[in-house]
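*Asks:* One structure, as structure tokens, below. Some questions next.
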Amino acid sequence: MKFYDITDKNIQVSFKEAVLRGFNSETGGVFMPAEFGKVSQAMIYRNPPSSFRDISFEIIKNFCGDEIPEGDLMSIIAQFYPHRLPINPITPTTYVLELFHGPTCNYKDIGAGFLAYLLEYFNKDEDEDINLIVAASGERACAAASAVSQVKGVNALLLYPQGSLTEIQENILSSMPKNIYPVCVEGSFEDCENLVNKAIKDEDLLKKLKLVSGGALNIAPLLPQTAFFVYAALTVLYRSDYDNKIENPSITASVPSGSFSSLTAALIAKKMGTPISGFISAENENHALSDWLTLGDFEKRTAIKTNTPALDIPNTINFKRMLQIYDFEELKKLIIPYWLDGAGTVTAVRSCHERTGYIIDPYGGMAWTAWQDIYHGVLNSVKRKNSESGEEPGIPSKYADVETWASSIRRNNMIGIILQTSHPAKFPEIMKPAIGRPPSLPDRLESLQYRPLKAVNLSPDYYEFKEWALSL
């Protein structure tokens, strides 16, 4: 299959080239598949439903075509995420998709793992190592580091803002082997992105280092994320008949949204024919998607620091990707935006625990509250409001006039899938006031021995970074 540059559809590359280039440094455009293909009816109605591994194989094979032999592709898939992907019913009409069973207990392990093993595969006959360069939040940095540490012929250069790592994240990064290079930048996440963007275009640097951009720019991590939406929907479709006696459920996915990679993958899954009726985008005070969908445009502004920092940094790259899948008016109908402030996030975790007994992480808690409100008709309340203000938590008032997916389905048929993206024990500052105690850390994190993080400290000056990178 061919992948095109979203700034110029005449520029088309192979799957391998799309992965190894990350994005087109000449135009600044990211790559998207020229076709999406379809989820087969046989897969949708298979009884019992296929495993996550088998669905990943079918979805990813659709995009890489014959560039990777089937046996090699299955080997990559078997290695990149050999963990559970449980779907737990917490009420008769609500399921939680647990995405935190990987090595760093965060959903980014899934995309990072696939990209790392893919880079190892594409570089296996080369003498020169690949250097994956990523502007990273703490969770993305940990996931990328863990994934790259498991493969050969690949290094990771991880640029993160000073003061952005938690103690757990520092412990994870400090435990990594020599092929991981943490770079602490004395600046913002935007400074990290600027350094990466300049490095990937620097001919002097590229003569010495084989650089591949990761993170939101690279198409590869989106593919297994697409697969987990297909897997979740087909599993719930199969289970709903005996879990809640709903024969033809209208399935909704409520997605914590910051960089919008998961929401983009969800839209790809929908485009491929996955039986999902619509989506909820659960955001924090930065509510970038809410602004975009209500205003029709998005002006990037300084991020507000919140108690859900993984959602603090909006990524307009994925806005542009979404528009390659559906047009703007279709997106408004398919996605209901919903946001919470910090206090609302704590309340969300508490409410989920009190009403279901399930301990959910803050990001999943936001998605839970958004789903519950929409399920119980809060959108109808918005329609009755006269206020034009979109600054109150919840659904933006300007969405009152939008005919969304919720307008065309019956509540008796609605089933929600909540994405829980991290292990709740990673957020003791929220979990303690929410449920009275922080949950225990998983053994793989509890057993980490504290050691100082040997990160390189650099200013946002590109020439300082370049000098360091050339010394590797």
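*Asks:* Measuring from label point to label point, each 7 Å out along Cα→Cβ, what is the Trp468 to Asp243 span in nm?
*Replies:* Label-label distance for Trp468 and Asp243, simple model: 4.6 nm.
*Asks:* How large is the dipole of segment 65-472 about the Cα centre if only Lys and Arg carry +1 and Asp and Glu carry -1, each at its Cβ, rounded to the nearest 20 debye?
*Replies:* The dipole magnitude comes to about 980 debye.
*Asks:* Let me ask you something else. Please list, ordered by chain and number, the residues whose modelled amide H lies under 5 Å from the amide H of Val96; skip anything fewer than 5 residues away on the same chain.
*Replies:* Here the answer is Asn88, Ile90, Ile418, since their amide H atoms fall under 5 Å of that of Val96.
*Asks:* Right, another one. Using the Karplus curve 6.51 cos²θ - 1.76 cosθ + 1.60 with θ = phi - 60°, what ³J(HN,Hα) values do you get for each residue of segment 114-131, in whole Hz, with x for Gly and Pro?
*Replies:* For segment 114-131, the Karplus curve yields 5, 4, 4, 5, 5, 5, 4, 5, 5, 9, 5, 9, 9, 7, 8, 5, 8, 10 Hz.
*Asks:* Need one number for segment 1-109: average projected area of the convex hull over its C-alpha atoms, nm².
*Replies:* The number I arrive at for segment 1-109 is 9.3 nm².
*Asks:* If I take R0 = 22 Å and measure r between the Cβ atoms of Glu26 and Glu190 in this structure, what FRET efficiency does the formula 1/(1 + (r/R0)^6) give, to the nearest 0.05?
*Replies:* Taking R0 as 22 Å, the efficiency between Glu26 and Glu190 is 0.50.
*Asks:* What net charge is computed for the residues neighbouring Lys426, neighbours being all others with C-beta under 15 Å from the C-beta of Lys426, Lys and Arg scored +1, Asp and Glu -1?
*Replies:* Its environment carries a net charge of -4.
*Asks:* Another question, then. Please rank Arg140, Arg301, fewest neighbouring Cβ atoms within 10 Å first, as an exposure proxy.
*Replies:* In increasing order of surrounding Cβ atoms, one gets Arg301, Arg140.
*Asks:* Still on this structure, please answer the following. With both partners inside the chain, how many of the DSSP beta bridges are antiparallel, as a percent to the nearest 5?
*Replies:* 25
*Asks:* Once you have the Cα-Cα distance between Glu167 and Glu203, take 0.36 nm times their residue separation minus that, and quote the gain in nm to one decimal.
*Replies:* 9.3 nm
*Asks:* Sort Leu379, Leu211 so that the residue with the fewest other Cβ atoms within 10 Å of its own Cβ comes first and the one with the most comes last.
*Replies:* Placing the least packed residue first, the sequence is Leu379, Leu211.
*Asks:* Another question about this same structure. So what's the back-of-envelope 222 nm ellipticity for the chain, counting only DSSP H runs of four-plus at -39500 (n - 2.57) apiece and dividing by all residues, rounded to 500?
*Replies:* Helices in the chain give a 222 nm mean residue ellipticity of -12500 deg cm²/dmol.
*Asks:* Follow-up. Rounding to the nearest 10 and keeping the result within 0 to 90°, find how far the Cα-based axis of helix 52-64 lies from the longest principal axis of the chain.
*Replies:* 60
*Asks:* How large, in Å, is segment 65-472 by the Kirkwood hydrodynamic radius built from its alpha-carbon pairs?
*Replies:* 21.9
*Asks:* Measure nothing fancy, just the Cα-based angle from helix 316-325's long axis to the longest principal axis of the chain, in degrees from 0 to 90, nearest 10.
*Replies:* That works out to roughly 60 degrees.
*Asks:* Specify the angular offset, from 0 to 90 degrees and rounded to the nearest 10, of the alpha carbon long axis of helix 362-375 from the longest principal axis of the alpha carbons in the chain.
*Replies:* 30
*Asks:* Going toward the positive end of the dipole of segment 65-472, with +1 on Lys and Arg Cβ and -1 on Asp and Glu Cβ, which of Ala147, Ile409, Leu419 do you reach last?
*Replies:* Positive-end residue among those listed: Ile409.
*Asks:* Can I ask one more? Looking at the P(r) of segment 332-442, how many percent of alpha-carbon pairs lie beyond 22 Å?
*Replies:* The answer is 38 percent, as a whole percent.
*Asks:* Then there is this: How do 146-156, 397-407, 445-455 rank on mean C-beta neighbours within 10 Å, highest first?
*Replies:* Averaged packing, sorted descending, gives the order 146-156, 397-407, 445-455.
*Asks:* In nm, to one decimal, how far is the Ile304 label point from the Ile11 one, both placed 7 Å along Cα→Cβ?
*Replies:* Placing both labels 7 Å along Cα→Cβ, they lie 3.6 nm apart.
*Asks:* Let me ask something additional. Between Leu323 and Thr347, how many nm apart are label points set 7 Å from Cα along the C-beta direction?
*Replies:* 3.5
*Asks:* Starting from segment 8-108, pick out the GluC sites (Glu not before Pro) whose DSSP state is loop and whose Cβ has at most 14 other Cβ atoms within 10 Å.
*Replies:* Glu26, Glu35
*Asks:* What ranking do Trp292, Trp339 get, fewest neighbouring Cβ atoms within 10 angstrom at the top?
*Replies:* Lowest to highest Cβ neighbour count: Trp292, Trp339.
*Asks:* Using just the alpha carbons, could you tell me how many Å³ per residue the convex hull of segment 161-263 encloses?
*Replies:* Looking at segment 161-263, the number lands at 168 Å³ per residue.
No value in this document is a laboratory result; all are computed from the given coordinates. None of these values were measured; they are calculated from a predicted model. We place every Cβ from the backbone using ideal geometry, glycine too, and count neighbours over all the protein chains shown.
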